[in-house]
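Bear in mind that the values in this text are calculations on the coordinates, not laboratory data. The structure displayed is predicted, hence computed values, not measured ones. Using ideal geometry, Cβ is built from the backbone for each residue, glycine included, and neighbour counts are taken over all protein chains shown.
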Amino acid sequence: MSTRSGVLAIDHGTKRTGFAAVDPLRIAPVPLDAFSGTGDGPELLAHIAKLLDERTIGILLVGLPRHADGSEGVRAADVRAFAARLATRFPDLPVVLHDEHLTTKAAEELLRDAGTRRADWKGRRDSLSALVLLRDWLESGEPREPVSG
């Protein structure tokens with residue numbers, strides 16, 4: 001018997017953070033509304049707590065910015081610090097990092113394919129990036145790069 005639970009994917013940003021979630025059976029990943037606000041304030045953690053109250057989540061999946069060669073980008077240190085704050089705030093949930101390389105580009109392709117006007121991309125791109133991150137993680141076998149120290 002499986003003990004799976006849902007996953008909340010987070011595309012952390014300095015001005016906007018995107019979210020996507022999947023049910024415990026991993027059948028229906030969906031984008032959620034993005035959070036507009038700083039990525040290092042208590043309001044973001046409060047927003048995440050609200051999202052967790054609304055669904056059955058067992059894993060927090062955080063996109064880690066990497067370059068094409070696999071090295072970490074400048075924003076990676078900020079994302080790792082955010083992931084550490086998540087682990088402290090939600091100690092019962094594993095926080096898993098996963099490479100988010102090219103998720104924004106893939107999200108923009110989804111928006112283009114859907115015929116979304118570029119002017120309307122701003123609020124949707126971040127959550128679609130989180131959706132792409134979540135799908136990629138699921139398709140890659142749900143690898144676990146835990147948050148450390």
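Do you know which residues across the stretch 36-80 are outside any helix (DSSP H, G or I), charged (D, E, K, R) and surrounded by fewer than 12 Cβ atoms within 10 Å (Cβ to Cβ)?
Of everything in the stretch 36-80, just one residue is outside any helix (DSSP H, G or I), charged (D, E, K, R) and surrounded by fewer than 12 Cβ atoms within 10 Å (Cβ to Cβ), namely ASP69.
If we scan the stretch 16-26, do we find a residue that is among the polar types (S, T, N, Q) and surrounded by fewer than 17 Cβ atoms within 10 Å (Cβ to Cβ)?
no
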